[in-house]
Amino acid sequence: MSPPRLGGGGIVLGALLSICIWLTPRGLWAVLVPSLALYAMGLCDDLRSIGAKWKFLMQMAICGIAVANSGLRLPHIVLAPDWEITLSPTVGFLLSTFVVVGAINAVNMIDGLDGLAGGLVLIGIAFLSYLHFLSSDDIQTLLFFSFPIIGALIGFLRYNTHPARIFMGDGGSHWLGFMIGIMILLAAGGFGIGTGIAGVPRLIPVPASTRFSGIGSVPLISAIMCLAIPVFDTASVMVRRLLRGENPMKADKAHLHHSLMEIGFSHPQAVLIMYFLAVCNGVIAVMPVAFPHKNLWWAPYVAAVILLVSIPMLLRVDRNFIARVDHNVRGLLVTNPVLAQGGYGTILRTWEAVNRYTIYGILLITPVFAGVPPREVGYAAVVAAGFLVLSFLLSSKQPEFVLSTVLSIAAGVILLSNNFNEIFVELAGQRYNVQGLYNAAFIWLLISTCGLLLFSFRRRYLLVTPTDFLMLILPLTLLMVPDPYRSQFHLNTISLRAWVLFLSLRFMARRTSNFMEKVRLVMIASLFLISLISVGGLRVVY
């Protein structure tokens, strides 16, 4: 085995050293020793292949010992806020062991592209940690268990990103899979690091009295959805192999990331798409616990059903998929007398114009609907407008990342200004809240953008860059901001509006060459009006 495949050892060494520095590891031996045994088994598999059957049996044995000795047996399964199934000790032990073994194989089988497995585990650990903290208020588990793993992964990904110089190998993937499986049990079972006998830190059930009020236990589906992409991809691939009479544990190129590359995405683009899907599912997984009073327990189940349906379909994609779709669309246009005579191009141009002016309208009408924003928002508008003006004065060859960051900040300030006052109109003695019309504009923009994307299907519209990933992820992170800031600034609503706006901006930028320049001008005008109203005291008096 070449030295670059020993990168998993760096992850294990870095994380365990950090854990042992901060904690007396004696109370965590029940977890740490089995993790080392799994790393050693994976390392042996790297050096000299181990049969799939023997490897699975060893995984079951080691994970069973870890669950039994650590006490991380799921006592119950939370399906919904008022629907909880109590498990017998035997069933809880078997389910916990299955969860950890499943996580190991999910991470091991998804490790097919540079940076893919490490990045997905990093995202999964981050969301599981946030989920666990929301439900238990247990900061010790994050500081002494989650953060060392996250830090080790960040250091590893520095050299594992395409083109990779080091690889985690089966040893690293087995260890990471085991640790994230343990995190799933911690979150779903209500366990955490506490003080045991003689003051030795150990994994214990978190007392209900220390949990955040109104949240309670974490639904098992939420914990699993934090690792949704590896789990559902692995499950789909294994079922497909079983139906074909093949060994479900064998390696092949029939995973979701391989399908993305078959469509025509590059190696980094396929990894970025997988990251984005993982973050989206992580946000959905956290929503029932982050918003306990919004009755969103159903959201992870809907996302799971979508993945169960869509991933098997995507696994059937081959290299000629785009060509076949384009051929079928063109064939439809030729046989349709209206579209064949130029109607198709007219429809697209009109639709595109409607989308453009919807975006312009949203950006310009926001200050009107904003009422009188706080002065802090006005000052932020002045700064954002200054950055936009500066972007015009700088070289046209400025990095796309910088320009997109400036546009994101400016759009965020514009959308933020609209969430402090409710605006009404009065007609015939009746008052009407116009915020509904403002929200309807975003709903229409989302539907219109998705429709235009499907109606003008081309591969270049699907290509993604790190900038696309940044602009689509930033709004979702606003959902993770804790109260009271989330409620005070209405970040839930702003997040959804910003996501729709950024999605439309990125798509329209690929269709129209000078679109982003016009958007900048419209944003400057909108920010100038916001600053005049908020800071300058502009009022329209009748």
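The values are calculated or read from the model by the stated rules, or taken from the named source; none is laboratory data. Computed from a predicted structure; not experimentally measured. Every residue, glycine as well, gets a Cβ built from its backbone with ideal geometry; the counts of neighbours run over all protein chains shown.
Summary of computed values
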read-out: Residues within region 159-185 that are modelled with pLDDT under 85 and either of a type in the set (Val, Ile, Thr) or closer than 18 Å to Gly124 by Cβ (or both), tallied; value: 1
read-out: Residue match in region 515-525 (condition: assigned to a helix (DSSP H, G or I), among the charged types (D, E, K, R) and modelled with pLDDT of 90 or more); value: yes
read-out: Of the criteria (1) in contact with a Gly (Cβ under 8 Å, 6 or more places away or on another chain); (2) within 18 Å of Gly8 (Cα to Cα); (3) of a type in the set (Gly, Ala, Ser); (4) in a helix (DSSP H, G or I), which one Ser135 fails; value: (2)
read-out: Leu243 being modelled with pLDDT under 85, surrounded by fewer than 22 Cβ atoms within 10 Å (Cβ to Cβ) and hydrophobic (A, V, I, L, M, F, W, C); value: yes
read-out: Complete set of residues in region 362-379 that are within 13 Å of Ser526 (Cβ to Cβ) and either of a type in the set (Lys, Arg) or touching a helix residue (DSSP H, G or I) at 6+ places or on another chain (Cβ under 7 Å) (or both); value: Ile362, Leu363, Leu364, Thr366, Pro367, Phe369, Ala370, Pro373, Val377, Gly378
read-out: Matching residues in region 494-542 - criterion: being among the polar types (S, T, N, Q) and either under 18 Å from Ala410 (Cβ atoms) or out of contact with any helix residue (DSSP H, G or I) (no Cβ under 8 Å at 6 or more places or on another chain) (or both); value: Ser495, Ser504, Ser513, Asn514, Ser526, Ser531, Ser534
read-out: Residue that is nearest to Leu220 (Cα to Cα) [pool: residues in region 129-144 that are touching a residue at least 24 places away in the same chain (Cβ under 8 Å) and touching a Leu at 6+ places or on another chain (Cβ under 8 Å)]; value: His132
read-out: Top-ranked residue of region 205-240 - restricted to ones that are touching a Ser or Thr at 6+ places or on another chain (Cβ under 8 Å) and not in a helix (DSSP H, G or I), ranked as modelled with the lowest pLDDT; value: Phe212
read-out: Residue count for region 265-286, restricted to those that are more than 25 Å from Tyr159 (Cα to Cα) and either touching a Lys or Arg at 6+ places or on another chain (Cβ under 9 Å) or of a type in the set (S, T, N, Q) (or both); value: 1
read-out: Some residue of region 86-94 being of a type in the set (S, T, N, Q), free of Cβ contacts under 8 Å to residues at least 60 places away in the same chain and either in a loop (DSSP other than H, G, I, E, B) or touching an Asp or Glu at 6+ places or on another chain (Cβ under 7 Å) (or both); value: yes
read-out: Only one of Gly51, Gly92 that is farther than 30 Å from Gln269 by Cα and either of a type in the set (Asp, Glu) or at pLDDT 90 or above (or both); value: Gly92
read-out: Lone unmet requirement of (1) in a helix (DSSP H, G or I); (2) in contact with a Gly (Cβ under 8 Å, 6 or more places away or on another chain) for Leu72; value: (1)
read-out: Restricting region 432-449 to residues that are surrounded by 14 or more Cβ atoms within 10 Å (Cβ to Cβ) and modelled with pLDDT of 80 or more, the residue that is nearest to Arg511 (Cα to Cα); value: Thr449
read-out: Failed condition for Ala106, given (1) surrounded by fewer than 19 Cβ atoms within 10 Å (Cβ to Cβ); (2) farther than 18 Å from Pro219 by Cα; value: (1)
read-out: Filter result for the condition that a residue is in contact (Cβ under 8 Å) with a residue 40 or more places away in the chain and either touching a strand residue (DSSP E or B) at 6+ places or on another chain (Cβ under 6 Å) or among the β-branched types (Val, Ile, Thr) (or both), over Ile166, Ile154; value: Ile166
read-out: Unique residue being under 22 Å from Leu538 (Cβ atoms) and assigned to a helix (DSSP H, G or I) when the list is Val382, Val402; value: Val382
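Every residue, every condition in (1) in a helix (DSSP H, G or I); (2) surrounded by fewer than 13 Cβ atoms within 10 Å (Cβ to Cβ); (3) modelled with pLDDT of 90 or more, yes or no:
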{"position": "Ile273", "(1), (2), (3)": "yes, no, no"}
{"position": "Lys294", "(1), (2), (3)": "no, yes, no"}
{"position": "Ile311", "(1), (2), (3)": "yes, no, no"}
{"position": "Val329", "(1), (2), (3)": "yes, no, no"}
{"position": "Gly343", "(1), (2), (3)": "yes, no, no"}
{"position": "Ile359", "(1), (2), (3)": "yes, no, yes"}
{"position": "Gly371", "(1), (2), (3)": "no, no, no"}
